Amino acid sequence: VPPAEKFEYQAEVNRLMDLIVHSLYSNKEVFLRELVSNASDALDKLRYMSVTEPDLLKDGPELHIRIETDKDNGIIMITDSGIGMTRQELVDSLGTIASSGTAKFLKTLKESQEASVDSNLIGQFGVGFYSAFLVSDKVAVSTKSPKSEKQYVWESEAESNSYTIREETDPEKLIPRGTHLTLYLKRDDKGFAHPERIQKLVKNYSQFVSFPIYTWQEKGFTKEVEVDEDPAEAKTEGDGETKKETNKKTKTVVEKYWDWELTNETQPIWLRNPREVSTEEYNEFYKKTFNEYLNPLASSHFTTEGEVEFRSILYVPATKKEDITDRKTKNIRLYVKRVFISDDFDGELFPRYLSFVKGVVDSNDLPLNVSREILQESRIVRIMRKRLVRKAFDMILGISCSENRDEYEAFWENYGKFLKLGCMEDKENHKRIAPLLRFFSSQSNEELISLDEYVESMKPEQKAIYYIAGDSLSSAKNAPFLEKLNEKGYEGPSCQQHGGLQRGVN
Ligand code: ADP
Ligand code: MG
């Protein structure tokens, strides 16, 4: 067996670890969420690949996550039967910054540099694998990919700036497939290795993981056992065999043993009855699934039946999306019969101007090995797309009907330009988009009005809606064209920045 090989971390990794440890110290328990979500991702990958390569499952069909603790020694072990890693994948994944989640984390940290970093907020980010070092002195990752003959162990100590990789040789540690993580907890963090504490954390952080998570728990059951009466007492009462018989007593004792206990609920939230899911749960699901830290502005959970059957939960985020042309958004997670397929098909399921909408879509009618080509040609997808788009409009309309006007203003501020693009690109949906549009008005200062509101305050003889496009609100307000309108007392909505001059509707 070749000796362990030593590697230095990419410089950025050292920096990231440093940041994680220093900004998340009060949020240490996020390590569990991160490691469980990696296990879940690895299982998703395996399940998806096994659709076309069923052989991948030959070393064990069961897809699960198991967490075992050793509280005396302060050790936590997390095992998944997922896709595992080859030696090269270990180097690529656990020695560099590969993930988008961690990149996002770094970016936010940079942006909030002057302001003191709110660790609560950062605790909501996907900070990834390195968060294991929040609580560990040493981490070992023993992993077996179905693509590799051998199982490898990655090991690193906190603040060592390096890691080693060696072949797993201990026959007791060989696993058929997947990843076995061992965390050697820091002295002050050994409390995490209490079985009840881990169980509580799993319940709290992993309620949306769709694979079973088992934790190793001590259990007890009571049973009645026959016991002899106190021999001292028996003696005083006389002699011999007959006494023994009559002095037998029953006593209740607790028998202890250890066993795996299913700790999470594996039914995906979108399969549940919308009436039984709370807003809180929708928001939590959103934040965990999309690595967001703000609650969404709105959500919509629905099932369609008939011609095409699918379930979906859609969300309007509260965070601004700048790039209107960016189609690679990974905003829609597509599942087929609960199997995660891809988050790379947004463009096929939503038009470009709705690319800010996030959500999950689960269909029973698509093939599991669905590809972009299949999606593009599929009649089923065309129908799904139509329904999804309508639901998205309903959801946005819902925000606009909210008592609280600020909510829609916030929406418009973030996504107004997307809907204007929709007006230009999607003739079929004009009637649905028009009520969602907002404009500045010549008769108010900052407040935005809808076309309906405009029509309501039209003069009796007024026949048209007037509007003007401008670079800014003030340049539109100073346009000579407006003077005539103002003389007549007509209102002129002005469409800041992205507006085009359009003839109005009556
Ligand atoms: P992210 O999950 O956002 O990609 P992480 O830092 O959490 O970032 O993980 C980095 C990479 O390490 C993952 O993308 C994956 O390739 C690999 N990895 C981590 N944990 C596991 C695991 N349990 N099984 C297989 N691969 C894993
Ligand atoms: Mg991760």
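Scanning region 354-373 for residues that are within 20 Å of Lys45 (Cα to Cα) and not basic (Lys, Arg) yields Gly359, Val360, Val361, Asp362, Ser363, Asn364, Leu366, Pro367, Leu368, Asn369, Val370, Ser371. Look at region 125-145: where a residue is over 23 Å from Gln88 (Cα atoms) and within 14 Å of ligand 2 (Cβ to nearest atom) and a partner is part of a loop (DSSP other than H, G, I, E, B) and of a type in the set (Phe, Trp, Tyr), sitting 6+ places away or on another chain with Cβ atoms under 9 Å, you get Phe125/Tyr293.
Evaluation of Asp80 against the conditions (1) at pLDDT below 90; (2) within 13 Å of ligand 1 (Cβ to nearest atom) shows that the sole unmet condition is (1).
For (1) out of contact with any strand residue (DSSP E or B) (no Cβ under 9 Å at 6 or more places or on another chain); (2) touching a residue at least 60 places away in the same chain (Cβ under 8 Å); (3) within 13 Å of ligand 2 (Cβ to nearest atom), each residue gets a yes or a no:
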| residue | (1), (2), (3) |
| --- | --- |
| Ser26 | yes, yes, no |
| Val30 | yes, yes, yes |
| Leu35 | no, yes, yes |
| Ala42 | no, yes, yes |
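In the set Asp41, Asp59, Asp55, Asp70, only one residue is surrounded by fewer than 17 Cβ atoms within 10 Å (Cβ to Cβ) and at pLDDT below 90; that residue is Asp59.
Restricting to region 399-416, count the residues that are over 28 Å from the mean Cα position of the chain (by Cα) and either surrounded by 16 or more Cβ atoms within 10 Å (Cβ to Cβ) or assigned to a helix (DSSP H, G or I) (or both). Of the residues in region 399-416, 1 are over 28 Å from the mean Cα position of the chain (by Cα) and either surrounded by 16 or more Cβ atoms within 10 Å (Cβ to Cβ) or assigned to a helix (DSSP H, G or I) (or both). Within region 47-63, is there a residue that is within 16 Å of ligand 2 (Cβ to nearest atom) and on the phi < 0 side of the Ramachandran plot? No, every residue in region 47-63 fails to be within 16 Å of ligand 2 (Cβ to nearest atom) and on the phi < 0 side of the Ramachandran plot.
Matching residues to (1) in contact with a His (Cβ under 7 Å, 6 or more places away or on another chain); (2) buried (at least 22 other Cβ atoms within 10 Å of the Cβ); (3) at pLDDT 95 or above:
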| position | (1), (2), (3) |
| --- | --- |
| Phe105 | no, yes, no |
| Ser116 | no, no, no |
| Ile122 | no, no, no |
| Phe129 | no, no, no |
| Lys147 | no, no, no |
| Glu155 | no, no, yes |
| Arg187 | no, no, yes |
| Lys190 | no, no, yes |
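Residues that are in a helix (DSSP H, G or I), under 22 Å from the mean Cα position of the chain (by Cα), surrounded by 15 or more Cβ atoms within 10 Å (Cβ to Cβ) and of a type in the set (D, E, K, R) are absent from region 77-84 altogether.
If you go through region 427-457 and pick out every residue that is surrounded by 15 or more Cβ atoms within 10 Å (Cβ to Cβ) and farther than 30 Å from Leu354 by Cβ, you end up with 2. Restricting region 38-66 to residues that are within 12 Å of Phe211 (Cβ to Cβ) and assigned to a loop (DSSP other than H, G, I, E, B), which is farthest from ligand 1 (Cβ to nearest atom)? Per the stated criteria, the residue is Glu62.
Of all residues in region 259-280, those satisfying the criterion of being among the charged types (D, E, K, R) and either under 19 Å from Ile213 (Cα atoms) or crowded, with 18+ Cβ neighbours inside 10 Å (or both) are Asp259, Glu261, Glu265. For the structure I just gave you, tell me whether Asn364 is more than 16 Å from Tyr315 (Cβ to Cβ), touching a Ser or Thr at 6+ places or on another chain (Cβ under 6 Å) and touching a residue at least 40 places away in the same chain (Cβ under 8 Å). Here the answer is no, as Asn364 does not meet what is asked.
Filtered by the rule that a residue be surrounded by 14 or more Cβ atoms within 10 Å (Cβ to Cβ) and either part of a helix (DSSP H, G or I) or in contact with a Cys (Cβ under 7 Å, 6 or more places away or on another chain) (or both), region 353-381 gives Tyr353, Leu354, Ile374, Leu375, Ile380, Val381. Looking at Glu168, Glu172, just one residue is surrounded by fewer than 15 Cβ atoms within 10 Å (Cβ to Cβ) and under 27 Å from Ser145 (Cβ atoms), and that residue is Glu172.
The values are calculated or read from the model by the stated rules, or taken from the named source; none is laboratory data. This one's a predicted model, so the numbers in the text were calculated from it and none came from an experiment. Cβ atoms come from the backbone with ideal geometry, glycine included; neighbour counts cover every protein chain shown.
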